[in-house]
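Novice: This is the structure I want to talk about, given as structure tokens.
Derivation of every value follows stated rules applied to the coordinates shown; laboratory data play no part. These numbers come from a predicted model, not from an experiment. Reconstructed Cβ throughout: ideal geometry from the backbone, glycine too, with neighbour counts over all protein chains shown.
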Amino acid sequence: MAVISDTPILGRQCGQCSMCCKLMEIKELQKPGGSWCRHVSKGSGCSIYRDRPPSCAAFGCGYLHWPMAGDHWFPARCKMVIVAENDTRMAIHVDPSMPNVWKSEPYYSDLKTWARHASRNPGQQLVVTVAGRMFVILPDKDVDMGIVSEDEIVLSGQMADGSYMAIKVRTDDLGIERLANGGYRVR
């Protein structure tokens, strides 16, 4: 997967979209993911934009910054937000009112293409989250990880037989290092 640029793609802008204000968690405001922020005015944006929390100011929508996301990934239209969560994980946050939209076309084909690309780059991972539930998207399957708590991580990687695997483990599990050294990717 490519790194999301700091520079927006020419011609792309938020416009009337505020889907990030619904799908993303905003800890500073005690706003959970999947529910509208109390400060959003649908169609006109954030009512506290000048004084918005640091996490909102730092947020970079993948649609605006990632060339691999086509125009059909405009969040207001597709009801999903692409987020680079760190240097190794790309997450697609899905509107809980449309929990299966990620499985529809052309989105699912894109996800599988991105998963194949990620599999060729050590340490990369593609996930979909729907109402807190995580799905790891692998080239050969999708793995439902359920709810991943703060004290858990997701490991994924290619097996010796060429298939792919994803598992969820507790961060205090003594076997994490052994698993990571066995070919899984620590997340």
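Novice: Of the candidates Met98, Met90, Met24, which one comes out as most mobile in a Gaussian network treatment of the chain with C-alpha springs shorter than 10 Å?
Specialist: Sorting by GNM fluctuation, first place goes to Met98.
Novice: Provide the net charge surrounding Pro96, with neighbours chosen by a C-beta distance below 12 Å and charges set as Lys +1, Arg +1, Asp -1, Glu -1.
Specialist: That works out to +2.
Novice: State the extension gain, in nm to one decimal, for the chain segment bounded by Arg116 and Glu85, taking 0.36 nm per residue of separation less the distance between their alpha-carbons. Mind showing how you got there, number by number?
Specialist: On the way: separation 31, 0.36 × 31 = 11.16 nm, distance 1.87 nm.
This chain segment gains 9.3 nm when fully extended.
Novice: Need one number: the % of Cα-Cα pairs in segment 44-107 sitting beyond the 16 Å mark.
Specialist: 53
Novice: Follow-up question, since we're still on this one. Can you check what the Kirkwood hydrodynamic radius comes to for segment 1-98, Cα pairs only, in Å to one decimal?
Specialist: Computed over segment 1-98, the radius equals 13.8 Å.
Novice: Using a Gaussian network model of the chain whose springs link C-alpha atoms within less than 10 Å, name the residue from Ile48, Ile92, Ile153 with the highest mean-square fluctuation.
Specialist: Among Ile48, Ile92, Ile153, the largest mean-square fluctuation in the Gaussian network model of the chain belongs to Ile48.
Novice: Have a look at Glu85, Glu150, Glu25 and tell me which one the Gaussian network model of the chain (Cα, springs below 10 Å) gives the largest fluctuation.
Specialist: With Cα springs under 10 Å in the chain, the top fluctuation among Glu85, Glu150, Glu25 is at Glu150.
Novice: With a sphere of radius 14 Å drawn around the Cβ of Arg52, what net charge do the other residues whose Cβ falls strictly inside it have (Lys, Arg +1; Asp, Glu -1)?
Specialist: Charge balance near Arg52 sits at +2.
Novice: Taking a quarter of the surface of the Cα convex hull of the chain, what do you get in nm²?
Specialist: 10.9
Novice: Same structure again: Can you give the net charge of the other residues whose Cβ lies under 13 Å from the Cβ of Gly34, counting K and R as +1 and D and E as -1?
Specialist: +2
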